[in-house]
Ligand SMILES: [Fe+2]
């Protein structure tokens, strides 16, 4: 297999540069680089760096020495950045009837970037010695919301989800109940950062999530990374 097989992602556009690179070898990158594989990503340099599986970093002309599969997402110019939602995106309320009618959360097109075998217990950092592995489609999309947006309290997913922050700052806020007065945890996210999974794996394709929502401290773009069980 040849190296540095690359293509644009479906959500690349006027405001966002976004590409997928597979079988990466000595590749110069600028942007938020997410390791979309089970193997470490190595960063070149006199002192090489390591980015663990399903984590990310910012590169500014740095070189990826080696990686199995990465996304590189960059916002080169902030001028009119809120216009990203007019570049082929959709207001999330058009996709989900229960979504509050005035919350300004927008979603980009999806891109299924490949298949992967994952031990979901290991993915979730759970103290399990289960050897169970499953096959997943890796599906990416971007989200946009202006500052102080409530990206909606929810606790159900049929997939494993994490997010890479691309632009601006935000939090994953976690609640004991479906009640905004019961918050007990926050995970802050800054550009280039991928938060740890919050899923608990109870069994074969049995994923439990606490009540959680995205919250934007500033105008923000973040990338969803969803592992959808195959077939
Ligand atoms: Fe979620």
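The table below lists the values:
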read-out: From 159, 167, residue being in contact with a strand residue (DSSP E or B) (Cβ under 6 Å, 6 or more places away or on another chain), modelled with pLDDT of 95 or more and either away from the ligand (no atom under 15 Å from the Cβ) or on the phi > 0 side of the Ramachandran plot (or both); value: 167
read-out: Boolean, residue 36 is in contact (Cβ under 8 Å) with a residue 60 or more places away in the chain, in contact with a strand residue (DSSP E or B) (Cβ under 6 Å, 6 or more places away or on another chain) and not assigned by TED's automatic domain parsing to the domain that holds residue 163; value: yes
read-out: Residues of region 44-87 that turn out to be within 20 Å of the chain's Cα centre (by Cα) and without any contact (Cβ under 8 Å) to a residue 24 or more places away in the chain, as a count; value: 4
read-out: Looking only at region 210-231, and only at residues there that are part of a loop (DSSP other than H, G, I, E, B) and surrounded by fewer than 19 Cβ atoms within 10 Å (Cβ to Cβ), the one that is nearest to the ligand (Cβ to nearest atom); value: 210
read-out: Residue match in region 122-144 (condition: under 28 Å from residue 202 (Cα atoms), away from the ligand (no atom under 16 Å from the Cβ), outside any loop (DSSP other than H, G, I, E, B) and in contact with a helix residue (DSSP H, G or I) (Cβ under 8 Å, 6 or more places away or on another chain)); value: yes
read-out: Boolean, residue 174 is within 12 Å of the ligand (Cβ to nearest atom), under 21 Å from residue 144 (Cα atoms), in contact with a strand residue (DSSP E or B) (Cβ under 6 Å, 6 or more places away or on another chain) and modelled with pLDDT of 95 or more; value: yes
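The values are calculated or read from the model by the stated rules, or taken from the named source; none is laboratory data. The structure displayed is predicted, hence computed values, not measured ones. Cβ coordinates were reconstructed from backbone atoms using ideal geometry, including for glycine residues, and neighbour counts include every protein chain displayed.
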